[in-house]
Amino acid sequence: MIYLHCLCREYLGCASALMVLLSVMPGQASSQVPVLGRWQDFAYSEEAVNEAAAAAYFSRLATLERQGQLDDDAQVLERVRRLAARLIREALELKPAARRWNWELHTTSAADEAAFSMAGGKLLFSSSFIRRLELRDGELATLIAHEIAHAIAEHQREAFSQVSFRNAARTPLSVSTAMARLDTNWSLQIELARLSGIQESEADQLGMTLAHSAGWDTAGMVSFYRKLSAAERDWVLGWGYPAANARVRMAEIFAMWFPGSANTSTPGHDGAG
């Protein structure tokens, strides 16, 4: 999760091809990441994971509301929801099954988060992070698209499934138990760091694809990763993330693959607020 995805715990240096297949036990279901095509094995149903994720998400929102930190910056909330609407429409074209999800988006002034994505289209963005980096619309769209990409790639469902596959007792784990183990067990987080890194690379590249499809120019995408790199010393991303300068280089290279990448136009204004 930049706290990007599952409260932001991902990204090592990963091969740009992203066709690395993880060695896992057979799951109950298999799927492919949209556009990028990596196969995933799942131990849990989409419905079970989305239900558990929604419970955790709404619990977090309730805490933020009690603290007076939920949707407390109306200007940023309006910007995020305006930009996200177009990006979600593009995401639904790539993953039609996500049309049945109850997508939800909120913002928070809490300083310990930058962005948060949970299964089933549950998104949270830090207004203080957005203001601190002075994100213009194209840059903010890149951040939002990254989180949406995590959702449609079902990265959280995959991570929870990997916890289940590694259960030494070989007895079924509930989704909530797998979620709790992933959140609290550092050795398990380290063991799954390679998967986290792959997922972060996918979210970067799939997110850029979504942003480009929605009409955003690649200049804003690259600019976002440059700003993130400049702020890296103040935002510790953890072992599941790559170095920010590696993300900048990825964005620069990936941007060249899009047709019309030299175009500097963006949909709507590109203001910071």
Mean Cβ neighbour count within 10 Å, used as a protection proxy, ranking 140-153, 171-184, 191-204 highest first: 140-153, 191-204, 171-184
Rounded, prolate or oblate: pick one for the stretch 29-255, where a ≥ b ≥ c are the square roots of the eigenvalues of its C-alpha gyration tensor, a/c under 1.5 means rounded, and failing that, prolate if a/b is larger than b/c, else oblate. rounded
Residue 39/residue 191 FRET efficiency (R0 22 Å; Cβ-Cβ; nearest 0.05): 0.65
Of the beta bridges DSSP finds with both residues in the stretch 29-255, what % are antiparallel, to the nearest 5? 65 percent
Neighbours of residue 46 by Cβ distance under 14 Å: Lys/Arg at +1, Asp/Glu at -1, summed charge 0
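No lab work stands behind these numbers, since they all come straight from the coordinates. This structure is a prediction, so every number in the text was calculated from the model and none was measured. With ideal geometry, Cβ positions are generated from the backbone for all residues, glycine too; neighbour counts draw on all protein chains shown.
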